Amino acid sequence: MNIFVDDIIKMISAMVDIPEQEIRDSVEVPPDEKLGDYAFPCFVLSKKLKKAPNQIATDLASRFKPTELIQEIYSIGPYLNFKVSKTRLAESVLSLIFEQGENYGSDNTGNDKTILIDFSSPNIAKPFGIGHLRTTVIGNSLYHIFTKLGFKTVRINHLGDWGTQFGKVILAYKMWGDENELIKDPIATLYDLYVRFHREEEKDPKLEEEARLWFKKLEDGDREAKALWEKFRSYSLEEFNRVYRILGIEFDAIAGESFYNDQMEPTIQEIKGKGLAEISQDALVVNLERFGMPPCLLRKKDEATLYATRDIAAAIYRYNTYHFYKSLYVVGTAQKLHFQQLFKVLELMGYQWAYDCVHVDFGWIKFKQEMMSTRKGNIILLEDVLNKSIELSRRIIEEKNPELENKEEVAKEVGIGAVIFADLSTRRNKDIDFDWDQALSFDGESAPYVQYTHARLCSLMRKYEKPIGKEVDYRVISTDEEITLIKLLESFPRMIKFAAENYEPSYICTFLIDLCANFNRFYQQHRIITEEAGLTDARMFLVKAIQSTLKNGLSLLGIEAPERM
Ligand code: ARG
């Protein structure tokens, strides 16, 4: 972990014959100051020493002598508690952050192992709605987090661009479509056609049959069907890319459902060959009854394949292509059963790696206040939400800091950040009741609050004027507020790992809010730029470390950190 833990390990292993790694694995950071900076639970030793843990703790505590790094050792119950030298703590944390800058927290846990992240994955010819916000921002943040930990990450957009619904869109377009309208507003036009088709098909069931034939043609590679579908797809992608550009999100592979079309037949043959397929109600399925799940549908009676079939093919393709260590699917809780079925089928097919597939699920998002009129009925467009947020930030900045030079850019960074943070700061499995006031608040748990604190630190650094150097007298760092800040900074690398292990970017949000709140408390109680040069230098060194860690943390969420606001 760090030099202090190394020292603790040295002490314990000098007295007890126990492997160092075992000590390292057991050392904890207690939740409460009174329990020291580090603690070691003596349960681990009781078998070896054949004594009660409380007794061991008391014995050892009385035999240890303080070192240069560990200043106090005492026991509470079965725990050995250690207090570290504040000066050495400040030195080790701050000099490390100074050295590593925004790389602080990076490590090679990942050891180049590959993690696939299937995220965002909207459906073409449909509005890119607020329903896809969570997958998009959670997936992107996980990408930053795992990359930081030394994993090879592959960002995959599993576009919903295949399925019987495209037979309907093609037919509707042929009947009622207008090229000019399509060019002007492609997704809205296509979606209107789709909705209209649904209405008409209720009155005239023949339409459904006809649409089915169009999808069949598409699957068989018919020129006209293919050309129309390609047009719809590329127009849709243009709109999606606009949103990705606003959010600063990129993908390594845009391999939608259609990408696996030529692997449908071999996949089905493989499942059949392994004796897993059966016919049920005219459809080809994998029976999952003995696992308490409904059957996984592979092919309908009209021969069309399904979402699940394409996901099975995709998973196999992904393993063969990337030999992943983990394959993540960042998709809402509504699809929980789908992924349970998918992973079970892969397991039944004999793929050990099925256990390395993870459904990173999340709850719903809804909007408390009335959204402005949307272009499309009651679907709230992601792009509209982002633009509204930018507009609201623009107004706030105009009010707070009308002189600001690059207002437009900052409004964008703050507006986008506000939406991302509002989403990511909620635990994945909880629903979000999106609230504009809270998202844009400058003193709540929001991106603008973190960004504003960051800008305040930058402004202090400008005022200080001198370059912030390494020659610092750490002994002057002594107030409780400073020590709390340093301990928080020290915990950052662990927080990143914790967030990665749980696929939970919200831990980074909590960390950032905590760091800001503690800095602001410090700032209210103590002067930073003082009459004493030595004290000022040391405090500015701390300021610089906090500033770079805030920027660092925000970047893990996919949020910018403007220097002035
Ligand atoms: N297109 C789907 C939707 O919008 C999400 C796809 C998620 N990824 C996957 N491999 N199934 O609901």
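The values are calculated or read from the model by the stated rules, or taken from the named source; none is laboratory data. The structure presented is a predicted model; accordingly, all values stated were derived computationally and were not measured. Positions of Cβ are generated from backbone atoms using ideal geometry, with glycine treated the same way; all protein chains shown enter the neighbour counts.
Within the range 478-536, which residues are of a type in the set (Ser, Thr, Tyr), surrounded by fewer than 20 Cβ atoms within 10 Å (Cβ to Cβ) and assigned to a loop (DSSP other than H, G, I, E, B)?
Matches in the range 478-536: 478, 479, 530.
Does any residue of the range 45-55 turn out to be touching a strand residue (DSSP E or B) at 6+ places or on another chain (Cβ under 9 Å) and either assigned to a helix (DSSP H, G or I) or farther than 15 Å from residue 490 by Cβ (or both)? Spell out how you get there, then give the answer.
Start the filter on the range 45-55 by keeping residues that are touching a strand residue (DSSP E or B) at 6+ places or on another chain (Cβ under 9 Å), which leaves 53-54.
With the extra rule that they be either assigned to a helix (DSSP H, G or I) or farther than 15 Å from residue 490 by Cβ (or both), the set shrinks to 53-54.
Yes, that holds for at least one residue.
Could you pull out the residue among 109, 114 that is more than 30 Å from residue 7 (Cα to Cα), away from the ligand (no atom under 15 Å from the Cβ) and surrounded by fewer than 19 Cβ atoms within 10 Å (Cβ to Cβ)?
114
Please determine whether any residue of the range 378-390 is of a type in the set (Asp, Glu) and either within 16 Å of the ligand (Cβ to nearest atom) or over 30 Å from residue 298 (Cβ atoms) (or both).
Yes - at least one qualifying residue is present in the range 378-390.
Taking only the range 407-456 into account, find how many residues are part of a loop (DSSP other than H, G, I, E, B) and in contact with a helix residue (DSSP H, G or I) (Cβ under 8 Å, 6 or more places away or on another chain). Walk me through how you get there before you give the answer.
Here is the first cut: in the range 407-456, the ones part of a loop (DSSP other than H, G, I, E, B) are 425-431, 435, 441-446.
Within this subset, residues satisfying the condition of being in contact with a helix residue (DSSP H, G or I) (Cβ under 8 Å, 6 or more places away or on another chain) are 425-429, 435, 441-446.
Total satisfying the criteria: 12.
Among 143, 104, which is within 16 Å of the ligand (Cβ to nearest atom), under 28 Å from residue 545 (Cα atoms) and within 29 Å of the chain's Cα centre (by Cα)? Give the derivation first.
Numbers: 104 fails: within 16 Å of the ligand (Cβ to nearest atom).
When all the criteria are applied, what remains is 143.
Quick check: is even one residue across the range 244-260 on the phi < 0 side of the Ramachandran plot, touching a residue at least 12 places away in the same chain (Cβ under 8 Å), of a type in the set (Val, Ile, Thr) and part of a helix (DSSP H, G or I)?
Within the range 244-260, one or more residues are on the phi < 0 side of the Ramachandran plot, touching a residue at least 12 places away in the same chain (Cβ under 8 Å), of a type in the set (Val, Ile, Thr) and part of a helix (DSSP H, G or I).
On the basis of being over 28 Å from residue 184 (Cα atoms) and among the hydrophobic types (A, V, I, L, M, F, W, C), does residue 213 make the cut? Spell out the reasoning first.
On the way: over 28 Å from residue 184 (Cα atoms): yes; among the hydrophobic types (A, V, I, L, M, F, W, C): yes.
For residue 213, the condition - over 28 Å from residue 184 (Cα atoms) and among the hydrophobic types (A, V, I, L, M, F, W, C) - is met.
If residue 135 satisfies all but one of (1) within 16 Å of the ligand (Cβ to nearest atom); (2) at pLDDT below 95, what's the number of the condition it fails?
If we test residue 135 against (1) within 16 Å of the ligand (Cβ to nearest atom); (2) at pLDDT below 95, just (2) comes out false.
Those residues that are in a helix (DSSP H, G or I) and within 16 Å of the ligand (Cβ to nearest atom), I need them from the range 157-203; list them, please. Steps first, answer last, please.
Taking the range 157-203 and keeping what is in a helix (DSSP H, G or I), we get 165-176, 179-184, 186-203.
Within the range 157-203, 165, 166, 169, 187, 190, 191, 194 meet the criteria.
Mind checking which pairs have a first residue in the range 448-469 that is over 18 Å from residue 533 (Cα atoms) and a second that is of a type in the set (D, E, K, R), Cβ under 6 Å, 6 or more apart or different chains?
Short answer, once both residue conditions are applied: 449/443; 455/564; 458/563.
Look through the range 302-354, keep the residues that are away from the ligand (no atom under 12 Å from the Cβ) and at pLDDT below 95, and return whichever of them is surrounded by the fewest Cβ atoms within 10 Å (Cβ to Cβ).
Per the stated criteria, the residue is 303.
Mind listing just one residue for me: the one in the range 424-439 that is crowded, with 18+ Cβ neighbours inside 10 Å and modelled with pLDDT of 95 or more and, of those, nearest to residue 516 (Cα to Cα)?
First, the residues of the range 424-439 that are crowded, with 18+ Cβ neighbours inside 10 Å: 424-426, 428, 432, 434, 436, 439.
Still in the running and modelled with pLDDT of 95 or more: 424-426, 428.
Working: 424: 17, 425: 15, 426: 18, 428: 22 Å.
Among residues in the range 424-439 that are crowded, with 18+ Cβ neighbours inside 10 Å and modelled with pLDDT of 95 or more, the one nearest to residue 516 (Cα to Cα) is 425.
Within the range 471-479, can one find any residue that is in contact (Cβ under 8 Å) with a residue 60 or more places away in the chain, within 24 Å of residue 150 (Cα to Cα) and in contact with an Asp or Glu (Cβ under 9 Å, 6 or more places away or on another chain)?
Start the filter on the range 471-479 by keeping residues that are in contact (Cβ under 8 Å) with a residue 60 or more places away in the chain, which leaves 471-478.
Filter once more, keeping what is within 24 Å of residue 150 (Cα to Cα): none.
Checking the range 471-479: not a single residue is in contact (Cβ under 8 Å) with a residue 60 or more places away in the chain, within 24 Å of residue 150 (Cα to Cα) and in contact with an Asp or Glu (Cβ under 9 Å, 6 or more places away or on another chain).
In contact with a Cys (Cβ under 8 Å, 6 or more places away or on another chain) and not charged (D, E, K, R): which single residue out of 352, 341 fits that description?
Working: 352 fails: in contact with a Cys (Cβ under 8 Å, 6 or more places away or on another chain).
Matching residue, one of 352, 341: 341.
On the basis of being surrounded by fewer than 14 Cβ atoms within 10 Å (Cβ to Cβ), away from the ligand (no atom under 16 Å from the Cβ) and of a type in the set (Asp, Glu), does residue 208 make the cut? Even if it seems obvious, please write down each step before you answer.
Numbers: surrounded by fewer than 14 Cβ atoms within 10 Å (Cβ to Cβ): no; away from the ligand (no atom under 16 Å from the Cβ): yes; of a type in the set (Asp, Glu): yes.
No.
Check the range 65-76 and report whether any residue there is over 29 Å from residue 468 (Cα atoms) and within 34 Å of the chain's Cα centre (by Cα).
Pass one, the range 65-76, residues over 29 Å from residue 468 (Cα atoms): 65-67, 71-76.
Those left that are additionally within 34 Å of the chain's Cα centre (by Cα): none.
There is no residue in the range 65-76 that is over 29 Å from residue 468 (Cα atoms) and within 34 Å of the chain's Cα centre (by Cα).
May I ask you to list pairs of residues, at least six apart or on different chains, whose Cβ atoms are under 6 Å apart, with the first in the range 543-565 being over 20 Å from residue 405 (Cβ atoms) and the second being among the charged types (D, E, K, R) and surrounded by fewer than 24 Cβ atoms within 10 Å (Cβ to Cβ)?
From residues that are over 20 Å from residue 405 (Cβ atoms), the pairs are 548/102; 552/102.
Given the criterion aromatic (Phe, Trp, Tyr) and within 30 Å of residue 388 (Cβ to Cβ), identify the matching residue among 251, 259. Please lay out each step first, then the result.
Working: 259 fails: within 30 Å of residue 388 (Cβ to Cβ).
Only one candidate passes the filter, namely 251.
Residues of the range 65-77 being closer than 14 Å to residue 40 by Cα and surrounded by fewer than 20 Cβ atoms within 10 Å (Cβ to Cβ), which ones?
Keep residues of the range 65-77 that are closer than 14 Å to residue 40 by Cα, which gives 70, 72-77.
Answer for the range 65-77, where residues must be closer than 14 Å to residue 40 by Cα and surrounded by fewer than 20 Cβ atoms within 10 Å (Cβ to Cβ): 72, 74, 76, 77.
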